[in-house]
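Trainee: I have a structure I would like to understand better, so I am pasting it below and will then ask my questions one at a time.
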Amino acid sequence: MHAALVDRAKQGDAEAFDALARSVGDRCMAIAVRILRDADLAEDAVQGALITAWRELRALRNPDLFEPWLHRILTNACYAEARRRRRWSEGIRLLPVEPVHGPDDILTVDDRDQLERAFRRLTVEQRAVLVFHYYLGLSLSEVADRIDIPIGTAKSRLHHATRALRARPSHVIQIGSSARSWPRARRTCRTRSTTPFATGSKVPTSGS
C-alpha cells in the first residue's frame, strides 16, 4: 500500500508524502508516547521524524520497507527528545492526559501511578525495546534490526527492563499485556507552537 506513495514521494511529490504521513502518523505517535512517556515530546519526535524522512526519502532503496525505516528514524528522534527533556526537566509540572487509544479502565489510579513510575525509571533505550517487542509484537531479532542495534544489546536491554518492571507489585506489572494495560503518558505544562503534519500543512520543500 505504501510502495506506490513512496515512489511518488521520492520524486518530490509532497502530496504523496502527506498521504504517507497521515497513514502512519497514529502508529508513530503511539510508539513515541510509549517510549517518551510524554505526549508533547512524543508529538515533537513524530514531527521531527517525518521531516527527516521527507528529506532523506531518496536514500530508502526498498519502498516496501518505508515503515520500518521510519520507525528507526522515529526512535532516534525519541532519543533526541529525551536528551532535550533532561536539560530542562527540573521544576516541570506534570499533568495527566488521556492515552492515545482511549481511556484505561483496567488499572486503578494508584496502579497506574506505580506503573508509570516504574516505566520512568527505565532508560529511554530500554523503553524502546519494550515497545517494539511487546506493543508491536516484534521478535528480538526484528527489534534489533528495526532500531539498528546488535541483537545482544536488544536482549540485554529487554532483560534489564523486564527485571526492573517485575520488581514492582505483580498485580501492577504485566509484561506482554495489551496496550490498554500500559500506563498513561503525561503532558508537560508548556507552550507549544503549531507543527506541520499534525495540522494538515504541507511538507517542507527542500529549500525550506
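Trainee: Return the long-range amide H neighbours of ASP38 (sequence gap of 5 or more, or a different chain), with a cut-off of under 5 Å between placed amide H atoms.
Mentor: Residues meeting the criterion, in which the H sits 1.01 Å from N, are ARG186.
Trainee: What does a probe at LEU136 reach in the range 67-84, counting residues whose amide N is under 11 Å from the point 7 Å along Cα→Cβ?
Mentor: Backbone N within reach: 67-76.
Trainee: I need the calculated FRET efficiency for the pair SER156 and ARG83, taking r as the beta carbon distance and R₀ as 25 Å, to the nearest 0.05.
Mentor: 0.75
Trainee: Roughly how many nanometres apart are two label points built 7 Å out from the Cα toward the Cβ at ARG163 and GLN11?
Mentor: Here the modelled spin labels are 5.4 nm apart.
Trainee: I've got another one for you. Each label point is 7 Å from the Cα along the Cα-to-Cβ direction; what then is the distance between the points at ARG117 and THR52, in nm?
Mentor: Label at ARG117, label at THR52, 3.3 nm between them.
A short reminder: the numbers here are calculations on the coordinates, not readings from a lab. This structure is a prediction, so every number in the text was calculated from the model and none was measured. So basically every Cβ, Gly included, is an ideal-geometry build from the backbone, and we count neighbours across all protein chains shown.
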